[in-house]
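For reference, the structure discussed in these notes is given below.
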């Protein structure tokens with residue numbers, strides 16, 4: 001197995017030596033989806049991400065693959081239909097990454113959405129999903145709601161309902177010549193047409209020219225023409241909140257839909273929805289955001305009595321929206337738009353995680369005007385995502401347990417890596433690989449060395465904020481673990497003592513940018 005630095009060198013060399021059919025700028029869910037779809041249609045594809053894969057909006061969302069039940073009241077029925085179909089497909093193609101998640105929606109006296117309206121909306125939700133949701137919604141009595149979520153506020157509770165959506169992790173993979181930490185610093189034109197970019201490697205400072213017949217920008221909120229809506233989340237101790245599963249709630253402040261989601265030992269509360277002029281690189285949760293989310297949590301879970309001191313982490317991302325005049329962020333459509341300028345540069349804006357595959361194919365329709373696509377079916381409809389080629393997660397976990405001997409670890413690895421669990425297990429079996437990353441987390445160190453060797457993880461932020469969620473789940477945001485992690489991965493990445501110190505300093509700055517709460 002080549003060293004990761006050599007693998008990067010090989011890919012870097014390919015960027016400068018080859019001429020690609022398609023170059024994708026942006027390595028979030030949209031860009032990775034475009035690259036994969038294009039590669040499966042026979043195109044030569046390169047993908048550049050200036051930070052890490054899924055480091056922007058994709059990793060700062062609620063991590064839901066959902067049918068868009070909250071879009072019903074704004075009349076976005078086409079998007080709900082499309083999202084439901086894509087959610088169903090992803091549950092089948094990526095069962096290790098996308099899992100059913102049951103939501104309870106309590107209804108209180110005087111709520112903006114009364115019981116009859118909620119029932120009608122969830123019936124329509126089932127209809128738009130062609131009655132192929134994981135299960136159909138159920139209406140609940142007051143006792144039925146409390147039986148599922150006994151720590152909810154009882155005063156004024158009338159009843160509610162349950163319905164199913166899905167949750168996902170942030171792991172992404174692109175089937176192309178893909179490199180993270182490489183920025184497209186300049187668009188290159190020839191006779192007025194876009195023919196490639198100048199690419200700069202943030203890890204080494206080297207630059208090269210990447211040639212391509214078509215260049216696509218899939219940079220989300222970094223697209224200058226769009227407006228961004230900030231979505232903030234907080235993580236608080238789940239034992240304080242007491243939620244057993246996921247809940248859909250109505251904010252007591254402004255009546256918008258919020259979620260309380262199970263996230264291991266934490267409960268994730270989110271999200272806000274306000275236009276912002278902040279740079280996507282610098283956006284943070286504010287004190288007002290934290291208070292807004294704490295007020296909602298305490299309204300529905302009064303025994304929690306949460307204060308700012310109970311917040312384990314707070315973060316924010318920016319949704320790329322293209323709203324019409326007069327729309328609020330919450331009512332702006334989450335549909336996407338694909339455009340091509342006079343120089344041939346293709347840009348996709350808007351959209352949502354769940355419909356990334358539809359977005360990718362709409363982009364390929366624009367690409368096909370310049371580059372013929374390979375003949376044949378759209379394989380993204382039927383081909384499992386990497387690691388997803390199995391029929392039963394329970395059976396896969398049982399198979400893994402026979403080798404591992406630890407049921408909990410087997411379920412953990414199967415649930416995160418699917419059929420690739422054995423490769424991670426090999427890393428865990430190496431000296432020090434079974435050592436926990438920190439006292440507060442369950443990830444073994446072998447998961448991180450696997451990410452370095454096979455997933456292009458190159459920084460401590462890649463490891464502690466994206467390949468794992470340690471930074472989101474610990475009060476010190478992984479600071480206590482960072483030095484030991486740097487020591488373990490240094491020989492693999494070729495870091496000397498000075499490089500290790502710089503890596504630690506950069507991680508501290510990244511933690512500050514991501515988790516510091518602004519005034």
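Couple of notes before you dig in:
- The range 41-65 and the range 195-271 have Cα centres separated by 11 Å.
- Expressed to the nearest 5 percent, the antiparallel share of DSSP beta bridges inside the chain is 75 percent.
- Computed E for residue 408/residue 370 - FRET, C-beta separation, R0 60 angstrom, nearest 0.05: 0.75
- Angle in degrees between helix 445-454 and the longest Cα principal axis of the chain, rounded to the nearest 10: 50 degrees
- In degrees, nearest ten, helix 407-417 long axis to first principal axis of the chain (Cα): 60 degrees
- Multiplying the residue separation of residue 207 and residue 502 by 0.36 nm and removing their Cα-Cα distance gives an extension gain of 104.1 nm.
- FRET efficiency for the residue 13 to residue 519 pair, using the beta carbon distance and R₀ = 60 Å, is estimated at 0.80.
- Reported label for calculated semi-axes √(5λ) of the Cα gyration tensor in Å given (i) 40, 28, 20; (ii) 49, 31, 22; (iii) 36, 28, 23: (iii)
- Distance between the 7 Å Cα→Cβ label points at residue 245 and residue 484: 3.6 nm.
- Least to most buried among 82, 239, 186, 102 (fewest other Cβ within 10 Å first): 239, 186, 102, 82
- Over the chain, DSSP H runs of length four or greater, each weighted -39,500 (n - 2.57), average out per residue to a 222 nm ellipticity of -10000 deg cm²/dmol.
- Residue exposure proxy: 76, 233, 181, ordered by other Cβ atoms within 10 angstrom of their Cβ from fewest to most, comes out as 76, 181, 233.
- Pairwise centroid distance, computed over Cα atoms, of the range 448-488 with the range 359-400, Å: 28 Å
- Seen against the Cα atoms of the chain and their longest principal axis, helix 4-17 is set at about 70 degrees.
- Order by protection proxy (mean Cβ within 10 Å, highest first), peptides 379-386, 211-218, 37-44: 211-218, 37-44, 379-386
- Projected label distance in nm at residue 142 and residue 278, using a 7 Å step from Cα toward the beta-carbon: 4.0 nm
Coordinate-derived values only; no laboratory data. Just so we're clear, the structure is a prediction, and the values are computed from it rather than from any experiment. Counting neighbours? That spans all protein chains shown, and the Cβs are built from the backbone with ideal geometry, glycine included.
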